[in-house]
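Scroll down for the structure; my scribbles are underneath it.
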Amino acid sequence: MEPSISRSVEIAAPVEAVWALVTDLPGMGRFSPENAGGHWVAPATGPAAGAGFRGTNRNGRREWRTRVRVITCEPGRRFTFDVRSPFGVRVSRWSYEFAPAGDGCLLTEHWYRVGNWFIRRILGPRVTGRADRPGFNTHSIEHTLRAVKAHAEAVTQAA
């Protein structure tokens, strides 16, 4: 499956530090314009293949929850998860790739649009308030990558 959108950013911070930020799903809300965090579902307490997560997202006064399952968790290399509606319908896949680059790493974020026409054209826009999901996710990915970069580099410089 090819990603619908991919963007990359070079970050002057160790890959381990960037990995820790991206795989901290409860804390990702500090970087994202839509994601507001969430919590790991027991018995999961952190990122691992098969781990469950309940996410919260916001667009203005709209708020919705998602069910997430980690698909791939290869520390320092790849982190992938599927997102489903509260009813279990798969709506997207997100993946992050990490690679050494310069004095730090290259972080690439991918969004895979999945789901049927009903999710894409009817349910998704009604729940999220976003008719142009690909357009918004392009903005969202770029925003998230800039925010992760700024945070990781500030922490690295302070250390």
ask   = Short version: ³J(HN,Hα) in whole Hz for each residue of segment 94-102, in order, from phi by Karplus 6.51 cos²θ - 1.76 cosθ + 1.60 (θ = phi - 60°), x for Gly and Pro, what are they?
value = 10, 9, 10, 10, 10, 8, x, 7, x
ask   = Amide H of residue 37: which non-local residues (sequence gap of 5 or more, or other chain) have their own amide H closer than 5 Å, using H built in the peptide plane?
value = 29, 56
task = Taking the chain as the reference, fit the longest principal axis to its C-alpha atoms, fit the long axis of helix 133-158 to the helix C-alpha atoms, and give the angle between the two in degrees, 0 to 90, nearest 10.
result = 30 degrees
note = Amide H neighbours of residue 49 at under 5 Å, excluding residues fewer than 5 places away on the same chain, with H built from the backbone geometry, are 73
task = Taking amide H positions as placed in the peptide plane 1.01 Å from N, state which residues far from residue 44 in sequence (5 or more) or on other chains have amide H under 5 Å from it.
result = 52
task = Can you work out the accessible area per residue across the chain, with the rest of the protein chains kept in place, probe 1.4 Å, in square angstrom?
result = 53 Å²
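Divide by every residue of the chain the summed helix terms, -39500 (n - 2.57) for each DSSP H run of at least 4, and state the resulting mean residue ellipticity at 222 nm, rounded to the nearest 500 deg cm²/dmol.
Values: 3 runs with 39 residues, N = 159.
It comes out at -8000 deg cm²/dmol, rounded to the nearest 500.
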inquiry  = What does the net charge come to around residue 9 if you take all other residues with beta carbon closer than 10 Å to its beta carbon, with K and R at +1 and D and E at -1?
reply    = 0
request  = Determine ³J(HN,Hα), in whole Hz, for all residues of segment 29-39 in sequence, where each value follows from phi through the Karplus function 6.51 cos²θ - 1.76 cosθ + 1.60 and θ = phi - 60°; x replaces Gly and Pro.
outcome  = x, 6, 10, 9, x, 10, 6, 10, x, x, 8
ask   = Candidates (i) 135; (ii) 108; (iii) 148; which is the computed volume of the Cα convex hull per residue in Å³?
value = (ii)
ask   = When the accessible area of segment 42-101 is split by element with a 1.4 Å probe, what percent falls to carbon and sulfur?
value = 49 percent
inquiry  = Spelling out what I want: for every residue of segment 55-66, take phi, set θ = phi - 60°, compute 6.51 cos²θ - 1.76 cosθ + 1.60 (Karplus), and round to whole Hz; glycine and proline get x.
reply    = x, 10, 10, 9, 9, x, 8, 6, 9, 9, 10, 10
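The values are calculated or read from the model by the stated rules, or taken from the named source; none is laboratory data. Predicted model only: the values in this text are computed from it and were never measured. Cβ sites come from the backbone with ideal geometry, for glycine too, and all protein chains shown count toward neighbours. Side chains are part of the model used for accessible areas, which takes the heavy atoms of the whole protein and leaves out ligands, DNA and RNA. Shrake-Rupley method; radii C 1.70, N 1.55, O 1.52, S 1.80 Å.
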